[in-house]
Amino acid sequence: MTDLEDLYREIILDHYRSPRNRGELESPPAHRVEGFNPLCGDEVVVTVLVDDGHVTDIKFAGNGCSISQSSASLMSSAVKGKSLVEVRELIRTFKSMMSIHEATLGPDGDGDGEGSDEEDGRGDGDGRGPVDVRKIGELAALQGVVKFPVRIKCATLSWNALAQGLDEVQSGN
Amino acid sequence: MTTLAPLDVETVRKDFPLLARTVHGRPLVYLDSASSSLQPRQVLAAMEHYYETSHANVHRGVYTTAEEATALYEGARESVGRFVGAADPERELVFVKNATEALNLVAHSWGGANLRPGDAVLLTQMEHHANLVPWLILAEGTGLELRYLAVDGDGRLDLSDLDRKLDGVKIVGVSAMSNVLGTIPPLREIADAAHAAGALVVADGAQAVPHFPVDVQALGVDFLAFSAHKMLGPTGIGALWARAELLDSMPPFLGGGGMILDVRLDRFVPAGPPHRFEAGTPPIAEAVGFAAAVDYMKSLGMTRVRAHEAQLTEYAVNALSERLGDDCTLFGPPAGDDRGGVLSLGFRDVHAHDLAQVLDQYGVCVRPGHHCAKPLMRVLGVTATARASIGPYNDEQDVDTLIEGLVEAGRLFA
């Protein structure tokens, strides 16, 4: 059962049972985005309030499995109050944690020449592992999802909706 | 009436190599036959034997192996057609990719040629997307009206207003067994009413043909679509049976080699059916496997298969209710003559994805999700169910393991 316990960590079950920031903000002024997972029919609604370059409030609604719901809850807690630059960075980090390719590379894996669009060039050979979990706090609990590839879409559902929402806000749509 | 000896499941199981596999240290418990069945070694052997001894393209070469391949392919058409009661498979049985393609063929070819603005098509709320989307595509911007028979609280079709709904209908599309609820609608009754109203009937037999005796003459339908991979055969091949005079009148669906009599640069003359609807090199090895699957099912006996699966369905329905009580919600009609072995269930408020994930740790394969029947899920008021579905190789132990896994899921998500 170790794989399963890795997937359903206590933090995930906690956010599933007691979701944070659940509901919908009034829109407008908040921006509203819907996300669909055509595989399972899960739907998520993310409403996000952006003010002065910061995510000042965020809520999520809809229904789905423990992974999609806890991921949305963890996301909302993680991005609330952060600057758009920080939120973008967090989305990028989270999505790379959810990438099978990167997750299968150990810190000492030969990643040379791969992931060409991710070439930060920082700390060669050091911290070039999947994700620096110190930067993402509780979100690291979702790392186990990557071992269950079908479930990755559940975990990224709300994140994709948020990314789309921020794109729309920043392009003035 | 002679008593039928029950299906010897122990022996049947030995024919399915995949059942020898373990997953997470547990024997595989395959409860996803509604999605795709397993294949007996007889089917695998027939396909391998074909590739090793006779493979060639069909209907083209004059050399010995090409003749053999053609004979095997056309022989498969005969076997598969006879299996569903076709009177003249040589003219009435079209090989296609799967049941989905068969239904698209009917909508596109027959529908395109015969349906006019103001005409109506009658479908049901429990159809698989395969018997919905082709009609939605056809209706887009053409003024075609789509109507639906409702599903009642027990998961049966509401036929009380059938005659009224048939007014102006040219074709009725109905599943011969629901892939979500297991409901087996009274097809003969629907077909008789449809014909009296001047409409044809296309039956989606993807779930029916693998699980009980299906005879197109007895059912009275005009088209029947089904897939090999749900009836112990390979993926990549399915069949459309249609009355000969209907196929004769229908324009081609896909164009290419093998479906023509003559081609010039400004026109073509299509071949007669069924070849008119089989453009390009067909799935020959798959047809051989399809015929082997039909032979295997005949050796089991479809009446015996149905009896076994009905008995196991009843065992499962009772066991789920006795051991899990109100924690388990089971959709569809109660076990009985009009219900097949498809068990769509909910367990407390645990999401179907999570149930299926925990069940996988027990080696149990079930399908979570909307089962390509999103309109039906809306009627049921859920976004997803976990679906356990039964095949001839399942036994009571499989059901017991399913329940064991559900109990663990309940503990984990309590």
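What FRET efficiency comes out for residue B:71 versus residue B:326 if R0 is 51 angstrom and r is the Cβ-Cβ distance? Round to the nearest 0.05. Rounded to the nearest 0.05, the efficiency is 0.30. Please identify which residues in the range A:74-91 have an amide N closer than 20 Å to a label point set 7 Å out from the Cα of residue A:56, following the Cα→Cβ vector. Residues passing the 20 Å test: A:76-88. When the accessible areas of B alone and A alone are added and the area of the pair subtracted, with a 1.4 Å probe, the result is around 1600 Å², both sides summed.
For a straight C-alpha distance cut-off of 20 angstrom, the lysines reachable from residue A:153 (same-chain residues fewer than eight places away being disregarded) are A:59, A:95, B:374. Contact residues in the range B:367-414 (at least 30 Å² less accessible area with all protein chains than alone, 1.4 Å probe): B:370, B:374, B:383, B:412, B:413.
Packing-based ranking of B:385-395, B:186-196, B:364-374 yields B:385-395, B:364-374, B:186-196, ordered from highest to lowest mean Cβ neighbour count within 10 Å. Think of a 1.4 Å ball rolled over the protein heavy atoms: the protein assembly as shown then has 42 Å² of accessible area per residue. For the range B:44-299, a/c is not less than 1.5, where a ≥ b ≥ c are the root eigenvalues of the C-alpha gyration tensor, and a/b does not top b/c. That puts it in the oblate class. Bridgeable aspartates and glutamates around residue A:135 (alpha carbons under 19 Å apart, same-chain partners fewer than 8 residues away excluded): A:86, A:89, A:102, A:118, A:119, A:120, A:124, A:126. Taking Lys and Arg as +1 and Asp and Glu as -1, the other residues whose beta-carbon sits under 14 Å from that of residue B:125 total -1. Taking amide H as placed 1.01 Å from N in the peptide plane, the amide H of residue B:151 sits under 5 Å from that of B:125, B:158, each at least 5 places away or on another chain. Of all accessible surface on the range B:21-148 at a 1.4 Å probe, what whole percent is carbon and sulfur? That fraction is 52 percent.
Between residue B:90 and residue B:414, the modelled labels are 6.8 nm apart [label points 7 Å from Cα along Cα→Cβ].
Of the residues making up the range A:56-81, those losing 20 Å² or more of accessible area when the isolated chain is joined by the remaining protein chains, with a 1.4 Å probe, are A:63, A:65.
The values are calculated or read from the model by the stated rules, or taken from the named source; none is laboratory data. As the structure is a prediction and not an experimental result, all values here were calculated from the model. Don't worry about glycine lacking a Cβ; one is built from the backbone with ideal geometry, like all the others, and counts go over all protein chains shown. Surface areas here come from the heavy atoms of the whole protein model, side chains and all, with no ligands, DNA or RNA. Shrake-Rupley method; radii C 1.70, N 1.55, O 1.52, S 1.80 Å.
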